[in-house]
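A.B. asks: Would you mind keeping the following structure in view while I ask a few things?
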Amino acid sequence: MEETISIKDIFQTLKKRWKLIMLLTLIAALISGTISYFLLTPVYQSSTQILVNQKQSKNQLDSTQIRSNIDMINTYSVIIKSPAILEKVIDDLELPQSVDQLSQKITINSQENSQVFSLTVQDSDPAKAVEIANAVSGIFQKEIKEIMNVDNVSILAKAEIKENPAPVKPNPLLNITIAVVVGLMAGIGLAFLLEYMDNTIRDEKDIETFLDLPLLGSIQKISQHK
C-alpha cells in the first residue's frame with residue numbers, strides 16, 4: 001500500500017516535534033551569535049575616489065580621450081595591486097605583511113562609463129585602513145607618471161577616519177538571521193526524518209497505516225482497583 005502524506009499529516013508532525021525544531025533553531029542562533037560577537041575579528045573599511053582624466057590645454061576633452069581614460073581604469077586596477085606600488089606602501093608605512101596579504105585587503109570598484117573609480121581598503125584597525133588607502137592612492141598617483149608616462153590621475157576624495165567607525169564585517173544580525181533559517185530548516189528536516197523512521201504502533205490509525213490491516217474493534221483501558 002503506497003503511503004501518501006496529507007497537509008494534515010505535515011501539520012501533525014510539526015506540532016508533534018515543535019520542541020525539537022525550536023531547540024535546533026535556538027542552538028543555531030546562539031552559536032552564530034557567539035561566533036559573530038566574540039570570535040570573529042571586526043573588519044573596518046575606508047575608501048578613496050580617484051579620477052582618471054588626461055590634462056588638456058583645451059576646455060573640452062575629446063570623446064576619444066575620455067573613452068581611453070575609461071578603458072585605462074582596468075589597467076590601473078592591476079597596477080595599483082602590483083608589487084611596484086604595494087612594496088613602496090609597505091616600506092613607507094612599515095607594514096608587517098607581504099604584497100599578497102596587502103593586495104587581498106584592497107578592492108577596486110568602478111562604475112560603467114565613468115572616469116572615477118574607488119579604492120577600498122579593509123583592515124581590523126579603522127585608522128590603519130584609512131592610512132593604507134591614502135598611501136596606496138598617493139603612491140599610485142606619483143608612480144603612474146613614471147610607469148606609463150601619463151599624468152591623468154587625480155585624487156577626488158581622501159579616506160578619513162570616522163568619529164565612531166562601525167565594522168563592515170561581521171554582520172551579527174545577518175549571521176543570526178541566516179542561522180535561524182538554517183536551524184529551522186534542519187529542525188523541520190530532522191522532525192520528518194524521525195517521523196519517517198518511527199514505526200511505533202500507538203493507536204488504531206497506526207494499525208491501518210503500518211500493518212495494512214482492517215480494524216475489527218478496540219479494547220478500552222481497564223483500570224485496576226485493589
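The values are calculated or read from the model by the stated rules, or taken from the named source; none is laboratory data. Everything numeric here is computed off the predicted structure, so don't read it as measured data. Neighbour counts run over all protein chains shown; Cβ positions are idealised from the backbone, glycine included. Just so you know, the surface numbers come from the protein's heavy atoms only, side chains and all, with ligands and any DNA or RNA stripped out. Shrake-Rupley method; radii C 1.70, N 1.55, O 1.52, S 1.80 Å.
A.B. asks: Which pairs turn up if I take residues in the stretch 159-186 that are closer than 23 Å to Val121 by Cβ and look for partners that are among the basic types (Lys, Arg) and open to solvent by less than 60 Å² (accessible area, probe 1.4 Å) with beta carbon separation below 6 Å, at least 6 apart in sequence or on another chain?
C.D. replies: Here the result reads none, with nothing in the stretch 159-186 linked to a residue that is among the basic types (Lys, Arg) and open to solvent by less than 60 Å² (accessible area, probe 1.4 Å).
A.B. asks: Among the residues of the stretch 105-123, count how many are modelled with pLDDT of 95 or more and in a loop (DSSP other than H, G, I, E, B).
C.D. replies: Qualifying residue count, the stretch 105-123: 1.
A.B. asks: Can you pull out every residue in the stretch 24-45 that is among the β-branched types (Val, Ile, Thr) and open to solvent by less than 80 Å² (accessible area, probe 1.4 Å)?
C.D. replies: The initial filter retains those residues of the stretch 24-45 that are among the β-branched types (Val, Ile, Thr), namely 25, 27, 31, 34-35, 41, 43.
Listed by number, the residues that qualify are Thr25, Ile27, Thr34, Ile35, Val43.
A.B. asks: Considering the stretch 66-82 alone, what residues qualify as being open to solvent by 70 Å² or more (accessible area, probe 1.4 Å), closer than 13 Å to Ile144 by Cα and not basic (Lys, Arg)? It would help to see each step written out before you state the result.
C.D. replies: If we filter the stretch 66-82 for residues that are open to solvent by 70 Å² or more (accessible area, probe 1.4 Å), which is where we start, we get 67, 71, 74, 78, 81.
Of the ones still in play, those that are also closer than 13 Å to Ile144 by Cα are 78, 81.
Hit for the stretch 66-82 is Val78, nothing else.
A.B. asks: Determine if the stretch 144-154 includes at least one residue that is more than 30 Å from Ser63 (Cβ to Cβ) and either without any contact (Cβ under 8 Å) to a residue 60 or more places away in the chain or surrounded by fewer than 13 Cβ atoms within 10 Å (Cβ to Cβ) (or both).
C.D. replies: Taking the stretch 144-154 first, the residues more than 30 Å from Ser63 (Cβ to Cβ) are none.
Checking the stretch 144-154: not a single residue is more than 30 Å from Ser63 (Cβ to Cβ) and either without any contact (Cβ under 8 Å) to a residue 60 or more places away in the chain or surrounded by fewer than 13 Cβ atoms within 10 Å (Cβ to Cβ) (or both).
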